[in-house]
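Nothing in this text is a laboratory measurement; each read-out follows from the coordinates by a stated rule. Computed from a predicted model, the values in this text were never measured in an experiment. Cβ placement follows ideal geometry from the backbone for every residue including glycine, while neighbour counts extend to all protein chains displayed.
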Amino acid sequence: MSPTILESALARAMTRPAFAAGAQRGWSLFLHVDGTLLDFADSPGGVEVPAGLAPLLRRVSESLNCAVALISGRSVPDLDQLLSPLRLPCAALHGVERRDAGGQISRCPVDYVGLDRARRAVHELLEEYPEVELEDKRLAIALHFRRKPHLGSPLRRSLHALIRVLGPTLTVQDGTYVLEVKPSAGNISTALEAFMAEPPFAGRRPICVGDRLADSHAFRAVHRHGGLAIAVGMPVHSPWQLPDPHAVQGWLEGFAALHRGTGH
């Protein structure tokens, strides 16, 4: 479905009784970054940020009275560097840390001892897989295998075996050609629920745009609040679909124009 068709369909949906309350309450927007706003690259540092993306996100945020947040496996500083000088509310490291609309950063409980044990074990594991790229995010440890996708299954088995030994404070987060060891206490769903309980998100109907299986938890959260889920690409099922980040940016342009000056 093209951005224009999807925007028209969304506009029509918002006039129906089921969405009338959402139009009156206003909308909030939750946007995944890699794979949704940005095309994937072979490594996290290789992504290209379109020159107009940060200004576009600023316009969208202003059109919704700042009720826009990013969802990402990246850290807060990494997101800020990508979109500088823009600093949006965000659920970072898959919900392990969160920056609210006031700029305050909070983190879920972290088992630092367990995480250090996992870090040492992962370094030993990678001696068997030198082609895998290690990304140490301090509060999470990511293994990227985009260049060697066949390594995904053995890596997944090894990491799950490691977590069974280390205990329930850590979990394995599956991504697109990436596996991460992270604290189990934080996730995207709990971060989104926290946003929805505070201004400027509270009382609004959420729209979540995401591209991966991890976003299915966020999709269920927005559905609990009477919102909409828009899936990008094929991994996640939703009645609302966009094919790629370029289409997402086109849809955001239309969304900002539709809501300019309304605060909804």
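Between Asp116 and Ser84, what's the calculated FRET efficiency when r is the beta-carbon distance and R0 is 35 Å? Round to 0.05. All intermediate terms of the calculation are to be shown ahead of the outcome.
Details: r = 31 Å, r/R0 = 0.89.
Given R0 = 35 Å and the Cβ-Cβ separation, E is 0.65.
If contacts are Cα pairs under 8 angstrom and at least 6 residues apart, what is the relative contact order of segment 112-183 in percent? Could the numbers behind the result be given before it?
Working: 89 pairs, mean separation 24.2, N = 72.
It comes to 34 percent, rounded to a whole number.
Please list, ordered by chain and number, the residues whose modelled amide H lies under 5 Å from the amide H of Leu170; skip anything fewer than 5 residues away on the same chain.
Hits under the 5 Å cutoff: Ser184.
Output ³J(HN,Hα) for segment 137-150: one whole-Hz value per residue in order, computed from phi by the Karplus curve 6.51 cos²θ - 1.76 cosθ + 1.60 with θ = phi - 60°, and x for Gly and Pro.
Computed from phi, the couplings for segment 137-150 are 9, 6, 9, 7, 10, 10, 10, 9, 10, 4, 6, 9, x, 5 Hz.
Can you give the FRET efficiency for Arg138 and Leu258, using 1/(1 + (r/R0)^6), R0 = 35 Å, r = Cβ-Cβ distance, to the nearest 0.05? Spell out each step's value before the answer.
Numbers: r = 40 Å, r/R0 = 1.14.
Once the sixth-power term is evaluated, E becomes 0.30.
So if we plug the beta-carbon distance of Ile105 and Glu128 into 1/(1 + (r/R0)^6) with R0 = 45 Å, what FRET efficiency do we get, rounded to 0.05? It would help to have the intermediate numbers written out before the result.
Values: r = 36 Å, r/R0 = 0.80.
After rounding to 0.05, the efficiency reads 0.80.
Using 0.36 nm per residue, how much length does the chain from Thr190 to Ser153 gain when fully extended, once their Cα-Cα distance is taken away? Can you show the working numbers first?
Numbers: separation 37, 0.36 × 37 = 13.32 nm, distance 2.79 nm.
Stretched out fully, the Thr190 to Ser153 stretch lengthens by 10.5 nm.
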